[in-house]
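Data first, discussion second: the structure below is written as structure tokens.
The values are calculated or read from the model by the stated rules, or taken from the named source; none is laboratory data. Please read these numbers as outputs of a predicted model, since none were measured by experiment. Don't worry about glycine lacking a Cβ; one is built from the backbone with ideal geometry, like all the others, and counts go over all protein chains shown.
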Amino acid sequence: MSESYIQNLFAERIGGRQYGKSQAIYKFEKIKRAKRAALARSPGAEIIDLGIGEPDEMAFPEAVEKLCAEARKPENRGYADNGDGVLKQAAARYLERVCGVKGINPETEVIHSIGSKAALSILPAALVNPGDYVLMTIPGYPVFGTHAKYYGGQGYELPLTEENHFLPDLDSVPAAVLKKAKVLVLNYPNNPTGATATPEFFARAVKFVRQHELVVIHDAAYAALVFEGRPLSFLATPGAKEVGLELHSASKSFNMTGWRCGFVAGNELLVKAYGDVKDNTDSGQFLAVQHAAARCFDHPEITEQIAAKYSRRMEGLASVLEKAGFKAQKPKGSFFLYVKAPKAAVKKDGAHVEFQSAEEVSQWLITEKLISTVPWDDAGAYLRLSVTFVAKNPAEENRILVELGHRLGDVRFEF
Ligand SMILES: Cc1ncc(COP(=O)(O)O)c(C=O)c1O
């Protein structure tokens with residue numbers, strides 16, 4: 001069959017005429033395929049899924065009830081555009097109450113998002129010209145960088161390494177890059193490393209971006225999921241509001257990934273620019289969803305309950321992994337445990353399996369042990385294990401963790 005002329009119409013940014021022809025299989029698809037193959041070999045077997053990147057439970061009933069009540073109100077039915085005041089005000093209250101950020105003006109310094117992913121895809125249109133650099137941490141959540149490239153920008157990668165506590169070394173950016181750089185994208189607590197930032201690091205980031213005339217976009221999708229102390233907002237840093245934005249989301253904090261709601265807060269001019277591009281991109285999240293999310297942002301005790309569950313699971317998981325020979329340290333937040341990938345596995349019969357990458361380890365774990373993980377080979381070989389595996393109660397959690405221990409118990413890992 002001859003090729004459709006449509007094949008010639010695709011933009012270069014998605015591959016141009018070659019679009020859709022690549023045989024490359026991406027990481028998450030490989031994991032899915034390996035899972036399917038493992039289940040086909042052992043029908044009915046239990047996969048221990050530590051690869052999931054979203055909450056295992058529903059939103060709390062009060063959020064669902066609020067959504068239903070708000071959905072019945074005729075005044076909420078139409079285009080929400082950049083939102084009414086309800087979520088904006090709740091966001092300002094939340095930043096003050098939960099993160100100690102005072103003085104956010106809900107009218108001018110907050111606009112809702114249809115999730116942080118949507119905000120990260122909108123913001124590059126407001127900031128990035130062809131040839132501009134954006135500083136992105138790797139490993140990391142790539143959405144801002146992907147869209148920056150769509151606009152002709154370039155990504156400069158800042159590796160997150162254990163030696164630097166998974167914080168980027170800002171001094172390592174070459175002067176030539178800094179000259180053309182516009183944005184520093186940060187994300188703490190971090191996906192995938194689980195690392196948290198410090199007030200000192202954020203102060204350093206503010207100084208750095210001021211000095212080089214960049215802005216900070218801080219993706220705080222996991223900000224409230226902390227296991228000790230108070231969530232750390234970038235906006236709590238002196239001077240942060242002059243140089244940046246922070247993105248919060250109901251997705252992970254309130255088990256609301258599918259609801260698609262969050263907010264962008266910070267520098268007034270940047271918020272305005274986000275709002276202008278957003279206005280030309282979508283027509284706003286349904287007000288009923290925004291109002292239900294606002295109710296949640298006014299009830300941070302929900303997040304505390306969710307974080308307590310992850311904290312408990314994290315302790316269990318870290319201890320099982322330690323017993324199996326991994327160096328597993330419970331993070332201070334997020335739901336990700338990030339561990340160095342082994343170089344080899346030695347079975348009881350002496351069989352020695354060598355691994356060249358985290359991806360190979362991950363494939364081996366799913367194939368041999370029915371354990372799903374996410375490999376990262378961007379800055380060293382690591383595995384990301386998430387404590388969002390499905391378990392209805394602590395007894396079930398415990399059963400799964402004991403089972404994990406059994407499965408890992410008959411091999412010795414070499415690092
Ligand atoms: C670092 C990070 N930022 C943003 C998102 C997306 O969040 P949202 O559901 O608010 O779009 C995710 C989701 O996995 C994430 O890991």
Check off (1) assigned to a helix (DSSP H, G or I); (2) in contact with a Pro (Cβ under 6 Å, 6 or more places away or on another chain) for Phe413 and give me the number that stays unchecked. (1)
Could you list, in sequence order, the residues of segment 121-146 that are in contact (Cβ under 8 Å) with a residue 40 or more places away in the chain, within 22 Å of Tyr338 (Cα to Cα) and not aliphatic (A, V, I, L, M)? Thr137, Pro139, Gly140, Tyr141
Considering Ala175, Ala181, Ala119, which residue is of a type in the set (Gly, Ala, Ser), away from the ligand (no atom under 16 Å from the Cβ), out of contact with any Asp or Glu (no Cβ under 8 Å at 6 or more places or on another chain) and more than 29 Å from Gln329 (Cβ to Cβ)? Ala175
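Within segment 250-315, considering only helices (runs of 4 or more DSSP H) that don't extend past its boundaries, which have at least 3 residues that are under 24 Å from Glu75 (Cβ atoms)? Reasoning before the result, please.
Values: elements: 250-253, 268-279, 287-297.
Ranges flagged: 268-279, 287-297.
Matching residues to (1) more than 15 Å from the chain's Cα centre (by Cα); (2) buried (at least 23 other Cβ atoms within 10 Å of the Cβ); (3) in a helix (DSSP H, G or I):
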residue: Leu178; (1), (2), (3): yes, no, yes
residue: Lys182; (1), (2), (3): yes, no, no
residue: Gly194; (1), (2), (3): no, yes, no
residue: Ala203; (1), (2), (3): yes, no, yes
residue: Ala221; (1), (2), (3): no, yes, no
Of the residues that make up segment 339-358, is at least one farther than 21 Å from Ile52 by Cβ and either acidic (Asp, Glu) or in a helix (DSSP H, G or I) (or both)? yes
Flag for Glu322 being at pLDDT below 95, at negative phi, surrounded by fewer than 24 Cβ atoms within 10 Å (Cβ to Cβ) and of a type outside the set (Val, Ile, Thr): no
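Only one of these is under 26 Å from Leu232 (Cβ atoms), assigned to a helix (DSSP H, G or I) and either in contact with a strand residue (DSSP E or B) (Cβ under 9 Å, 6 or more places away or on another chain) or of a type outside the set (Lys, Arg) (or both): Glu96, Glu157, Glu107. Name it.
Numbers: Glu157 fails: assigned to a helix (DSSP H, G or I); Glu107 fails: assigned to a helix (DSSP H, G or I).
Testing whether each residue is under 26 Å from Leu232 (Cβ atoms), assigned to a helix (DSSP H, G or I) and either in contact with a strand residue (DSSP E or B) (Cβ under 9 Å, 6 or more places away or on another chain) or of a type outside the set (Lys, Arg) (or both) leaves just Glu96.
What number of residues in segment 382-398 are in a loop (DSSP other than H, G, I, E, B) and surrounded by fewer than 20 Cβ atoms within 10 Å (Cβ to Cβ)? Even if it seems obvious, please write down each step before you answer.
Pass one, segment 382-398, residues in a loop (DSSP other than H, G, I, E, B): 387-393.
So of that shortlist, the ones also surrounded by fewer than 20 Cβ atoms within 10 Å (Cβ to Cβ) come out as 390-393.
Matching residues across segment 382-398 total 4.
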